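The values are calculated or read from the model by the stated rules, or taken from the named source; none is laboratory data. Every value quoted in this text rests on a predicted model; they were computed, and no experiment measured them. All Cβ positions, glycine included, derive from the backbone under ideal geometry; neighbour counts span all protein chains shown. SASA here: full protein model, heavy atoms, side chains in, ligands and nucleic acids out. Shrake-Rupley method; radii C 1.70, N 1.55, O 1.52, S 1.80 Å.
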Amino acid sequence: MEKFLCPVIRRVIKAKKYMKTKIEKLKEEVLRELSEVKNSEHLKELELRYLSRKGEFSEIMHSLKDLSLELKKDLGLLANSAKVEIQEKFREIRMKFEKDSVKSSVLDVTLPGHKNTYGHLHPLTMVQNELEDLFTSLGFIIGDGPELESDYYNFTALNVDPLHPARDMQDTFYIDLPNNSGQYDLLMRTQTSPVQIRLMKKYGAPLKAIIPGRCFRNEATDARHEHTFYQFEGLMIGENINFANLKSLLELVGKKLFGENTKLRMRPKFFPFVEPGNNGEYTCFLCQGKGCRVCKHSGWLEIVGAGLVHPDVLRAGGIDPEKYSGLAFGFGLSRLVMLKYNITDVRLLNSGDLRFLEQF
Amino acid sequence: MYISLNWLKDFVSVPGKITPTDIAQRLTAHTAEVEGFVTQADQFNKVVVGRVLEVKKHPNADRLRLVLVDVKSEKLDIVCGAPNVAEGQLVPVALVGAVLPGGLEIKASEIRGEKSNGMICAEDELGLGQNHEGIMVLKDTAKPGDNFAKYLKAEDTVFELDNKSLSNRSDLLSHYGIARELAAIFDLKLNPVDKLLDNKMVFSEDKQNTLNVKIEDKKACLRYLAVKIDNIEIKESPAWLKDRLVAVNQRPINNIVDLTNYVMFELGQPLHAFTADTIDKIVVRLAASGEKIETLDEKERILSNEDLVISDGQNSLAIAGIMGGKNSGVTPSTTSIILESANFNAQFIRKTSQKLGLRSESSTRFEKSLDPLLTEVALKRFLSLLKKVLPKARIASPLTDVNNFQAEMKEIILDLDWLDKKIGQAISENESMANLKKLGFGVEKISERSLKVLIPSWRATKDVTIKEDLAEEILRLHGYDNIVSYLPQETLACPVPNHERLLERRVKSFLALKYSLNEVYNYSFVGEEQLKKLNIDFFKHLRLTNPSSENHAMLRQSLVPNLISNVKVNQARLEPFGFFEIGSVFLNAPGELPREATGLAVLPYQEKRLGIIVVGENQSVFDKLKSIVSGLTNYLFGLAGEPEFLELSDAPGWTTAQESAKINVLGREIGFLGLASKKTAANVNLKRSVAVLEINFSEVLSLVFSFGSEKFQEPARYPAIERDLAFVLDKKILYNEFRKEIARFNSLIERVELFDIYSGENLSDNEKSLAFHLSFRSPDRTLNSEEIDALIKNLLDYLREKFNARLR
């Protein structure tokens, strides 16, 4: 039939046929080569030869640009679909090689990561931070005071009478620096409570404060006794502060320290700076109140001392006890840390022993 | 303190349904802590009656015997040292595992090669008396195998109360006082104290026999009652009396002494009996300085003029309220006594007892302030009981009563609205009144919501003085556990932040997490030896008057000594390590905080410091410490916080001027750092290189405040030109001096950063090379290299002239 067509058209058909064959041949060639490819280097070589910018497929595409629009369209489609098919094949083989290579290089996924060391905060710091966060979230300020105190702030202002046993030399460290009247009136504070007075004088009422800090008692040290220890106390003064409030705050503290199900019971107890005074016992966190070694089989742990601030103490702080009342509570932070981490020797806290410190 | 349930029942009838557990719990909840209770059967647990079957000589010891004892369940071999042991005796045997009242635990043992499975007990070993002459021989009615408590018919229950929780309640140091609480708590009837007294008691009316009592120091003795009793015969107490004393852990001695003790444990009033023979008058006076007395425990005591004694006008007979003297004590031959029932001032008793290290059941009571009215009741109770114990005894004198006190009742007005407000919930008027009355308070309603409350004498000595005390009485009987809790309701207010604490927290976390430093808490104390080894002058350190040990005798003025001690604890460790501490130091100089109410005098100066110590090999620890400093100051102050290390003129003794530097940040000195010198290392036996720094934490805080926050800076618009230059210069020239000159040479120089230090080959011995990255930048144009080359040339000229430095 061809011979009946005009020469131009004939030439066109011929060219089209030629190009079509060329494309198909190239495709077959590539597919054949690919079927024999042995490794990824060889594959890369082929990819470069056929598919790169100066590769054979690009050449064909390039040669199409002088053809008529119609031919360009037909042959372009053809060339493109061949190219896509070949690219797909390349991808398939490349993936197979990659898979093989992964299989052959053995990665022990169970190996440990690089060891990074870091330093440790002291357990007292950690527990103190936790408590500070609780109380600051309730609007309490964190009060500080001097560790070297005067007899006045540590005892007299707190309604501790002059012959109270705590004032004895054997219980309190006095500083060898007598005052003008020759009395030893400087000491290492035996409690954080003198800060109550300093805070009252500074801020007046109403007042909400916690006071964590280092305290000292003249005791021979052993596994259960330390002359240097930490206390944590709370103070709240307002026009309507009452015993029910105190009880509620103590319940809150117990839950924070030992968990939501912790129960509180309060017992009368004498402290010179509060009236009424009480202690607070919490259900033992270890046995949940069933009785164990830690709570000496009672199911309860005596943790906190508390009460309503004695009017003389408010007065010493410059606050009118007829207008305001206050609640106060305190506990041994060192003891709490020991309970929390099951530390059996209090001296470890001040030991500077890395084998201890690194555990926190 | 021990409280016998049987004894309590003398004053209050306890219904059977109230168990010892109930009593212990309720007393703890409402009055004072009961630590526990034991039945006497428990107390003599594993002590049984045995029959001696056989007694043989011990082959290896002359004084010991081998005894075979039948305790019904088995036959035991026991080695016994008592001379009186004999076949056929019935004896108390403590079996293996028994714990005797003195705390002795019986174990199976071998004594000189012979087995011994238990112990045959003497009276004193069982807490039943003084006798240690030999083993206790029981009556024929004893049955081998029976529990010893059963033999004694001891069926009491004994409560132990925590002494600390009684410290403000002198009225509770007695059975009657506890019975009063029990009656109030359980709503039981309390027998009045009068019922304990013989109402037919007659004192002698013969004025000639009146005892002559004189109180020299009226403040020291509020009341002194004395009576003379004849026809005394000292002998063993009857069983009922002994049983009671044994129950409360008091060893029976003889009828008179036991009776004084009995009344003390019953009513809380200590009594004392003197042998009357040689005493014709009694003077309560302060001792002469250096006066000596031999006390009943056979120890000589030296007194001062602050100690109160009872004397016969010349010799002291007793240390008042604490212990009697040997010279006037009751002896087996005593036939006449003077009975003392007195009230001594608590402060005197406390001071003397404290100073002499001599505490007795009597002094513990007096030092808590006793009720002066109790003296008379107690004396009469003694006489009433004496009639029972020794009927032939005869009151030989009128009652002498010398007193210096007012017996009027103090009153407090209690506003019930105030009470409700204080407690946080309403307690009915009836309950409030009833609770007070049960405890012996007089209560009278004076207006709609107001009560007049009279304080009973036994609570008025010290313990109850203000309305808050009454609130406690009402509340504790109501029960703390019955109060419905609720959180304070208040106006919201923003708390003042504690900036120091916040900064402390940031710094601690940064040092731990970034530099792997561990936080330590060291003691606030240091010792002379410690400081000597570190070559630190301790002359000005504050000292404790009463240190717990020489190592903790002074207050620290620096965190460094104890940080160095921390190294010693850990230096066996191979890897490098480091610590930090934030803590206070104490200087012997006036501080800022007031010392007393008036605020004129001040406390010594106290300052918070940060100490860091780094341990490793050679001088690298010094560099490491410096990188920690710049890390920290950059963290706190951003790029502006680059620290400067400057020469230190007054290096502390543990380092040297050549190995230490002060630290400046933002132009302020904040602290210093140094290498522990070779001498220090040798003195304290440091095996590793150690670098330490100490920073004034309060100074850092004030810098943080004044610095505020860094402001954002537009990134530079024009490129920088970078040049690396290495200089050769004399080793003595300090980096900081040299760098400063480069940095300020021209405003186009933006950055001068050291990247290498070299000395050695190609340099002479006294030379070093410092290599810097220099970067040049102009804020308003692009620089060209020709002008930089020219600038560098000028710089080189300048440095040559100034430092004799050359390019390498």
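Out of the residues in the stretch A:321-353 that are in a loop (DSSP other than H, G, I, E, B) and free of Cβ contacts under 8 Å to residues at least 60 places away in the same chain, state the one that is farthest from A:Tyr203 (Cα to Cα). Give the derivation first.
Of the stretch A:321-353, the ones in a loop (DSSP other than H, G, I, E, B) are A:321-324, A:342-345, A:351-353.
Going one step further and asking which of them are free of Cβ contacts under 8 Å to residues at least 60 places away in the same chain, we end up with A:321-322, A:342, A:351-353.
Numbers: A:Pro321: 16, A:Glu322: 18, A:Asn342: 38, A:Ser351: 37, A:Gly352: 37, A:Asp353: 40 Å.
That would be A:Asp353.
Is there a residue in the stretch A:210-220 that is in contact with a Phe, Trp or Tyr (Cβ under 7 Å, 6 or more places away or on another chain), under 19 Å from A:Leu138 (Cβ atoms), more than 12 Å from chain B (Cβ to nearest Cβ) and part of a strand (DSSP E or B)?
Scanning the stretch A:210-220, I find no residue that is in contact with a Phe, Trp or Tyr (Cβ under 7 Å, 6 or more places away or on another chain), under 19 Å from A:Leu138 (Cβ atoms), more than 12 Å from chain B (Cβ to nearest Cβ) and part of a strand (DSSP E or B), so the answer is no.
Search the stretch A:311-332 for residues being aromatic (Phe, Trp, Tyr) and open to solvent by less than 20 Å² (accessible area, probe 1.4 Å), and hand back the single one that is farthest from B:Ala597 (Cα to Cα).
Looking only at the stretch A:311-332, we keep the residues that are aromatic (Phe, Trp, Tyr), and these are A:324, A:329, A:331.
Remaining after also requiring open to solvent by less than 20 Å² (accessible area, probe 1.4 Å): A:329, A:331.
Numbers: A:Phe329: 24, A:Phe331: 27 Å.
It comes out as A:Phe331.
Please work out if A:Val313 is in contact (Cβ under 8 Å) with a residue 12 or more places away in the chain and either assigned to a loop (DSSP other than H, G, I, E, B) or within 20 Å of B:Tyr480 (Cβ to Cβ) (or both).
On the way: in contact (Cβ under 8 Å) with a residue 12 or more places away in the chain: yes; either assigned to a loop (DSSP other than H, G, I, E, B) or within 20 Å of B:Tyr480 (Cβ to Cβ) (or both): no.
It is false that A:Val313 is in contact (Cβ under 8 Å) with a residue 12 or more places away in the chain and either assigned to a loop (DSSP other than H, G, I, E, B) or within 20 Å of B:Tyr480 (Cβ to Cβ) (or both).
Can you pull out the residues in the stretch B:480-491 that are open to solvent by 40 Å² or more (accessible area, probe 1.4 Å) and either more than 16 Å from A:Asn245 (Cα to Cα) or facing another protein chain (nearest Cβ under 7 Å) (or both)?
Hits for the stretch B:480-491 are B:Asp481, B:Val484, B:Tyr486, B:Leu487, B:Glu490.
Contact list please: Cβ distance under 8 Å, first residue in the stretch B:779-808 and farther than 29 Å from B:Glu714 by Cβ, second residue part of a helix (DSSP H, G or I) and open to solvent by 80 Å² or more (accessible area, probe 1.4 Å), pairs at least six apart or on different chains.
If the second residue must be part of a helix (DSSP H, G or I) and open to solvent by 80 Å² or more (accessible area, probe 1.4 Å), the pairs left are B:Arg806/B:Arg800.
Could you list, in sequence order, all residues of the stretch A:80-123 that are within 14 Å of chain B (Cβ to nearest Cβ) and assigned to a helix (DSSP H, G or I)?
A:Pro123
Regarding the stretch A:275-287, can at least one residue be identified that is within 8 Å of chain B (Cβ to nearest Cβ) and open to solvent by 40 Å² or more (accessible area, probe 1.4 Å)?
Within the stretch A:275-287, not a single residue is within 8 Å of chain B (Cβ to nearest Cβ) and open to solvent by 40 Å² or more (accessible area, probe 1.4 Å).
Of the numbered conditions (1) buried (at least 22 other Cβ atoms within 10 Å of the Cβ); (2) modelled with pLDDT of 90 or more, B:Ala288 fails exactly one; give the number of that condition.
Exception for B:Ala288: condition (1).
Being of a type outside the set (D, E, K, R) and at the interface with another protein chain (Cβ under 7 Å from one of its Cβ atoms) narrows it down to one residue among B:Leu502, B:Leu477, B:Leu511, B:Leu451; which is it?
Going through B:Leu502, B:Leu477, B:Leu511, B:Leu451 in turn, just one is of a type outside the set (D, E, K, R) and at the interface with another protein chain (Cβ under 7 Å from one of its Cβ atoms): B:Leu511.
Give B:Leu104, B:Leu68, B:Leu100 a once-over and let me know the one that is crowded, with 18+ Cβ neighbours inside 10 Å and of a type outside the set (Lys, Arg).
Numbers: B:Leu104 fails: crowded, with 18+ Cβ neighbours inside 10 Å; B:Leu68 fails: crowded, with 18+ Cβ neighbours inside 10 Å.
The match here is B:Leu100.
Out of the residues in the stretch A:150-192 meeting the condition of being touching a Pro at 6+ places or on another chain (Cβ under 6 Å) and more than 7 Å from every other protein chain (Cβ to nearest Cβ), tell me which one is surrounded by the fewest Cβ atoms within 10 Å (Cβ to Cβ). Even if it seems obvious, please write down each step before you answer.
Here is the first cut: in the stretch A:150-192, the residues touching a Pro at 6+ places or on another chain (Cβ under 6 Å) are A:153-154, A:159-160, A:184.
Cutting the leftovers down to more than 7 Å from every other protein chain (Cβ to nearest Cβ) gives us A:153-154, A:159-160.
On the way: A:Tyr153: 27, A:Asn154: 25, A:Asn159: 19, A:Val160: 21.
The selected residue is A:Asn159.
In the stretch B:1-21, what residues are in a helix (DSSP H, G or I), open to solvent by 50 Å² or more (accessible area, probe 1.4 Å) and touching a residue at least 60 places away in the same chain (Cβ under 8 Å)? Full working, then the answer.
First, pick out the residues of the stretch B:1-21 that are in a helix (DSSP H, G or I): B:5-8, B:20-21.
Filter once more, so that each one left must be open to solvent by 50 Å² or more (accessible area, probe 1.4 Å): B:6, B:21.
Of everything in the stretch B:1-21, just one residue is in a helix (DSSP H, G or I), open to solvent by 50 Å² or more (accessible area, probe 1.4 Å) and touching a residue at least 60 places away in the same chain (Cβ under 8 Å), namely B:Asn6.
Here is a list of conditions, (1) surrounded by fewer than 16 Cβ atoms within 10 Å (Cβ to Cβ); (2) in a helix (DSSP H, G or I), and B:Leu636 meets all of them except one; can you say which number that is?
(1)
For the stretch B:556-611, which residues satisfy the criterion of being facing chain A (nearest Cβ under 7 Å), in a loop (DSSP other than H, G, I, E, B) and more than 29 Å from the chain's Cα centre (by Cα)?
Passing the criteria: only B:Arg573.
Residues that are in contact with a strand residue (DSSP E or B) (Cβ under 7 Å, 6 or more places away or on another chain), modelled with pLDDT of 90 or more and under 24 Å from B:Ser4 (Cβ atoms): does the stretch B:52-61 have at least one?
So far as the stretch B:52-61 goes, no, none of its residues is in contact with a strand residue (DSSP E or B) (Cβ under 7 Å, 6 or more places away or on another chain), modelled with pLDDT of 90 or more and under 24 Å from B:Ser4 (Cβ atoms).
Take the stretch B:455-474 and flag every residue that is open to solvent by less than 70 Å² (accessible area, probe 1.4 Å), more than 7 Å from every other protein chain (Cβ to nearest Cβ), part of a loop (DSSP other than H, G, I, E, B) and not charged (D, E, K, R).
Selection gives B:Ile455, B:Pro456, B:Ala460, B:Thr461, B:Val464.
Counting only residues that are crowded, with 21+ Cβ neighbours inside 10 Å and more than 7 Å from chain B (Cβ to nearest Cβ), which one in the stretch A:232-246 is farthest from the chain's Cα centre (by Cα)? Lay out the reasoning, then the answer.
If we filter the stretch A:232-246 for residues that are crowded, with 21+ Cβ neighbours inside 10 Å, which is where we start, we get A:232-237, A:241-243, A:245-246.
Right, trim to more than 7 Å from chain B (Cβ to nearest Cβ) and you get A:232-235, A:237, A:246.
On the way: A:Phe232: 23, A:Glu233: 25, A:Gly234: 26, A:Leu235: 29, A:Ile237: 33, A:Leu246: 31 Å.
Applying the filter and picking the extreme gives A:Ile237.
Taking A:Leu301 as the residue in question, decide whether it is outside any loop (DSSP other than H, G, I, E, B) and either at the interface with chain B (Cβ under 8 Å from one of its Cβ atoms) or not β-branched (Val, Ile, Thr) (or both).
Working: outside any loop (DSSP other than H, G, I, E, B): yes; either at the interface with chain B (Cβ under 8 Å from one of its Cβ atoms) or not β-branched (Val, Ile, Thr) (or both): yes.
In short, yes.
Looking only at the stretch A:136-149, count how many residues are out of contact with any Leu (no Cβ under 7 Å at 6 or more places or on another chain), within 9 Å of chain B (Cβ to nearest Cβ) and not in a loop (DSSP other than H, G, I, E, B).
Adding up the residues that qualify gives 3.
With the structure loaded, tell me whether B:Glu133 is over 22 Å from B:Val246 (Cβ atoms) and either modelled with pLDDT under 85 or assigned to a strand (DSSP E or B) (or both) or whether it fails that test. Lay out the reasoning, then the answer.
On the way: over 22 Å from B:Val246 (Cβ atoms): no; either modelled with pLDDT under 85 or assigned to a strand (DSSP E or B) (or both): yes.
Judged against the criteria, B:Glu133 is not a match.
Can you tell me which residue within the stretch B:352-404, out of those that are among the hydroxyl-bearing types (Ser, Thr, Tyr) and part of a loop (DSSP other than H, G, I, E, B), is least open to solvent (accessible area, probe 1.4 Å)? Give the derivation first.
Initially, the stretch B:352-404 is screened for residues among the hydroxyl-bearing types (Ser, Thr, Tyr), giving B:352-353, B:360, B:362-364, B:369, B:375, B:384, B:397, B:400.
Filter once more, keeping what is part of a loop (DSSP other than H, G, I, E, B): B:360, B:369, B:397.
On the way: B:Ser360: 24, B:Ser369: 25, B:Ser397: 0 Å².
Of everything passing the filter in the stretch B:352-404, B:Ser397 is least open to solvent (accessible area, probe 1.4 Å).
Answer yes or no as to whether B:Ser289 is in a helix (DSSP H, G or I) and among the polar types (S, T, N, Q).
Numbers: in a helix (DSSP H, G or I): no; among the polar types (S, T, N, Q): yes.
No.
Grab the strands (runs of 3 or more DSSP E) fully contained in the stretch B:686-767, keeping just those with 1 or more residues being over 60 Å from the mean Cα position of the chain (by Cα).
On the way: elements: B:689-696, B:721-730, B:749-758.
Output list reads B:721-730, B:749-758.
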